[in-house]
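Participant: Starting off with a structure, shown below.
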Amino acid sequence: MELIIRKTTQDAVKLVATIITDAVIEKPNITLGLATGGTMEKLYDKIALMHKEEKIDFSLVKSFNLDEYIGLEPTDKNSYRFYMNHHLFDKINIDKRNTHIPSGVNEDTLEEGEIYEALIEEAGGLDIQLLGIGLTGHIGFNEPLSSFASRTRAKTLAPTTLAQNGPYFGSAEKTPKRAMTMGVGTILDAGMVIMLATGASKADIIAKTVEGPITPMISASALHFHPNCIIVCDEAAAEKLQNKDYYNSIFETDPKWEPYRNI
Ligand code: PGA
């Protein structure tokens, strides 16, 4: 795991957007695992801008989103399909037929999980998985006690998550209680994982994820088992880390970060 701390949210977003668009330039038919949430809105704005200004071509890119609320139609404005179209897909030249999000309306959730896993496998696996982090430490909707070996399946959302996402639905009570989500195991199979965490509300969970014990109570701590995982934070989200100087020295020293230090 590598931890990269950037001064502002904007700097953190720009770094992640650059890593992703560089990967798209290098492999035009890349398969991206995508995430949703407030943090990602800024990232998708930046990627859409880079598409426009730098002519980044997404025409051959395939994508798989982490999760979807159970019970929401793709046309529902709170569905993650709606979110992805609105925040990213409608703003870049991706072929929507190559974009995948688990169905929230397949009543057979076991079947839906199997279909989604098969589609990922057919695509040759995920080259890069993008992640946010929830206040429970979830990645996707892998709430506490998710098995580190889990695959795409239905999960019940934790009370903290219902409260975190309640504002989108009017209240925690109105928030869907369950979601389809890639498993921790699905995420760990990606070629590379990039987490973006910004803002002071994430400082506690980032410190626990990075410097605390590996535990199924914090699904994100499973990322220590991934051989190519980067966590990009702004200073506010990195605030409670104990070893910031060490992490900064890696970013300043490793030659692979040279092209990224001044962006
Ligand atoms: P947020 O959500 O970006 O809205 O904080 C992240 C998550 O819950 O994974």
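Participant: Within the bounds of the range 168-184, is there any residue that is open to solvent by 40 Å² or more (accessible area, probe 1.4 Å) and part of a helix (DSSP H, G or I)?
Facilitator: Pass one, the range 168-184, residues open to solvent by 40 Å² or more (accessible area, probe 1.4 Å): 168, 170, 173-174, 177-178.
The next check asks that each one be part of a helix (DSSP H, G or I); those that pass are 168.
Taking every residue of the range 168-184 in turn, at least one turns out to be open to solvent by 40 Å² or more (accessible area, probe 1.4 Å) and part of a helix (DSSP H, G or I).
Participant: Since Tyr246 meets every condition but one in (1) within 22 Å of His100 (Cβ to Cβ); (2) of a type outside the set (Gly, Ala, Ser); (3) not in a loop (DSSP other than H, G, I, E, B), which condition does it not meet?
Facilitator: Every listed condition holds for Tyr246 apart from (1).
Participant: Under 8 Å by Cβ, and 6 or more places apart or on different chains, what pairs join a residue from the range 18-45 that is open to solvent by 30 Å² or more (accessible area, probe 1.4 Å) with one that is of a type in the set (Lys, Arg)?
Facilitator: Pairs that qualify, where the first residue is open to solvent by 30 Å² or more (accessible area, probe 1.4 Å) and the partner is of a type in the set (Lys, Arg), are Asn29/Lys62.
Participant: List pairs: first in the range 184-198 and at positive phi, second part of a strand (DSSP E or B) and crowded, with 19+ Cβ neighbours inside 10 Å, Cβ under 8 Å, 6+ apart or cross-chain?
Facilitator: none
Participant: When the residues of the range 126-162 are filtered to those that are closer than 21 Å to Thr31 by Cβ and within 13 Å of the ligand (Cβ to nearest atom), which remaining residue is surrounded by the fewest Cβ atoms within 10 Å (Cβ to Cβ)? First the steps, then the outcome.
Facilitator: Keep residues of the range 126-162 that are closer than 21 Å to Thr31 by Cβ, which gives 126-132, 139-142, 150-153.
Then drop every residue that is not within 13 Å of the ligand (Cβ to nearest atom), which leaves 129-132, 139-142.
Working: Gln129: 28, Leu130: 24, Leu131: 25, Gly132: 21, Ile139: 29, Gly140: 29, Phe141: 27, Asn142: 30.
Selected residue: Gly132.
Participant: Criterion first (in contact (Cβ under 8 Å) with a residue 60 or more places away in the chain, within 16 Å of the ligand (Cβ to nearest atom), surrounded by fewer than 16 Cβ atoms within 10 Å (Cβ to Cβ) and not in a loop (DSSP other than H, G, I, E, B)) does Ser221 satisfy it? If you could, list the steps in order and put the result at the bottom.
Facilitator: On the way: in contact (Cβ under 8 Å) with a residue 60 or more places away in the chain: yes; within 16 Å of the ligand (Cβ to nearest atom): yes; surrounded by fewer than 16 Cβ atoms within 10 Å (Cβ to Cβ): no; not in a loop (DSSP other than H, G, I, E, B): yes.
In short, no.
The values are calculated or read from the model by the stated rules, or taken from the named source; none is laboratory data. Keep in mind that what you see is a predicted model, and the values were worked out from it rather than measured. Ideal geometry is used to build each Cβ from the backbone, glycine not excepted, and the neighbour counts take in all protein chains shown. With ligands, DNA and RNA removed, areas are computed over all heavy atoms of the protein, side chains included. Shrake-Rupley method; radii C 1.70, N 1.55, O 1.52, S 1.80 Å.
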